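The structure appears right after this line, and notes come after that.
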Amino acid sequence: ASYDMGGHDTYMHKEIHEQADAVDRVLRGRIDDRFSTVHLGGLNLDAREARQIRRVKILGCGTSYHAGMIGAQMIEELARIPADAEPASEFRYRNAVVDPDTLYIAVSQSGETYDVLAAVQELKRKGARVLGVVNVVGSAIAREADGGVYVHAGPEVCVVSTKCFTNTTVAFALLALHLGRTRDLSVRDGKRIIEGLRKLPAQITEMLEQEEHIKKLAEQYAEARSMLFIGRVRGYPVAREASLKLKEVSYIHAEAYPASELKHGPLALIEPALPTVAIVPDDDLLEKNRAALEEIKARSGRILAVAHQHQEKADETIVVPKNEDELDPILMGIPLQLLAYHTALALGRDIDKPRNLAKSVTVE
Ligand code: G6P
């Protein structure tokens, strides 16, 4: 594919900068202010069926799996349905129990990833209901699913996914809101989430204005041989995705860990040469996260915080605009895309086509 680069040097850079428009697209025409919910035309799931769901299992690979982790938390928080995400390839080979009261959701940018498609086919063969959260319209996974939500990120060319990741998390917020409002989410909370969603495009633009600052940080961190990414609950999948992004595009080794698990192992690694990127949202875990920063500082670790307010214990902070707690992961991923991008640029990497990777993996 060759789409216009629109003055950008790489597709990755272009796609990062398309995110405000992309999020606008995934929201467009779907918000219903009268009932404080959203309409998802292709869901193919009526209210009675939605109320019968007892669990949600989300399947995907790579970045889509991480978007699914965020989606699972949103569904559990807003719709109060137990939900979790799992790599499609793992699910497929562990002879998982397929339960008729579980809603299965396959997540894929391309809609062609073999492991995801095969998991969908296996689920359908066993009579399960499967929805797709897919970007490419009419793709194999979209066709195979019983219904779903299109992500409308537009074409994504760079092998590493950026705008599609963001849009997928927004699509999950819409689905979680919809499921919540057919169940026990109040009108007031529905309104609150809708207001939060509407703020996203402008907040993304505001976030991207910090690119120069993030670029300078990336140039410093490019010297690291390895980096640790930490977060808790909402911040943890953000840390996972940021770590993947850095590995893929810069080839710097990175590992993501729940901040709460530091004391059970990774603290042994902390030294000045191993920087930590900490995701520190202004939610009810703020004090716990601050305590983790202190633990790292006490061992002379260098810290870059991605937070809603300046973090004293960190060496540097990237300040992200605050949204509703449940939607915060959507914005917190964006500066970390820029960090990965500028680190790779400083190291002279082949940004749009990292070695050994493919945009979509259509074979096993
Ligand atoms: C490949 C790509 C990743 C992507 C994953 C899943 O590994 O390099 O960027 O996240 O496939 O792709 P999908 O199209 O299913 O989202």
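List of remarks:
- Selection status of ALA171, modelled with pLDDT of 95 or more, buried (at least 24 other Cβ atoms within 10 Å of the Cβ), of a type outside the set (S, T, N, Q) and assigned to a helix (DSSP H, G or I): yes
- Of everything listed in (1) in contact with a Gly (Cβ under 9 Å, 6 or more places away or on another chain); (2) among the small types (Gly, Ala, Ser); (3) crowded, with 24+ Cβ neighbours inside 10 Å, the single unmet condition for GLY190 is (3).
- In the range 130-166, of all residues being small (Gly, Ala, Ser) and within 9 Å of the ligand (Cβ to nearest atom), the one that is nearest to ARG349 (Cα to Cα) corresponds to SER161.
- Sole exception among (1) on the phi < 0 side of the Ramachandran plot; (2) out of contact with any Cys (no Cβ under 7 Å at 6 or more places or on another chain); (3) within 16 Å of the ligand (Cβ to nearest atom) for ASN356, by number: (1)
- Scanning the range 258-291 for residues that are part of a helix (DSSP H, G or I), touching a residue at least 40 places away in the same chain (Cβ under 8 Å) and either of a type in the set (D, E, K, R) or closer than 17 Å to PRO237 by Cα (or both) yields LYS288, ASN289.
- Test result for HIS178, surrounded by fewer than 21 Cβ atoms within 10 Å (Cβ to Cβ), under 19 Å from ALA67 (Cβ atoms), touching a helix residue (DSSP H, G or I) at 6+ places or on another chain (Cβ under 9 Å) and not hydrophobic (A, V, I, L, M, F, W, C): no
- Residue match in the range 32-49 (condition: within 19 Å of ALA153 (Cα to Cα) and modelled with pLDDT under 95): yes
- Scope the range 308-364; condition free of Cβ contacts under 8 Å to residues at least 60 places away in the same chain and either buried (at least 24 other Cβ atoms within 10 Å of the Cβ) or part of a loop (DSSP other than H, G, I, E, B) (or both); matching residues: HIS308, GLN309, HIS310, GLN311, GLU312, LYS313, ALA314, ASP315, LYS322, GLY348, ASP350, ASN356
- Test result for GLY29, more than 16 Å from the ligand (Cβ to nearest atom), surrounded by fewer than 23 Cβ atoms within 10 Å (Cβ to Cβ) and modelled with pLDDT under 95: no
- Any hit, the range 227-238, residues being at positive phi, among the aliphatic types (A, V, I, L, M) and not in a helix (DSSP H, G or I): yes
- Screening VAL159 on (1) over 27 Å from GLU287 (Cα atoms); (2) β-branched (Val, Ile, Thr); (3) modelled with pLDDT of 95 or more shows it passes everything except condition (3).
- Of all the residues in the range 285-302, those that are of a type in the set (A, V, I, L, M) and buried (at least 22 other Cβ atoms within 10 Å of the Cβ) number 3.
The values are calculated or read from the model by the stated rules, or taken from the named source; none is laboratory data. Computed from a predicted structure; not experimentally measured. Neighbour counts run over all protein chains shown; Cβ positions are idealised from the backbone, glycine included.
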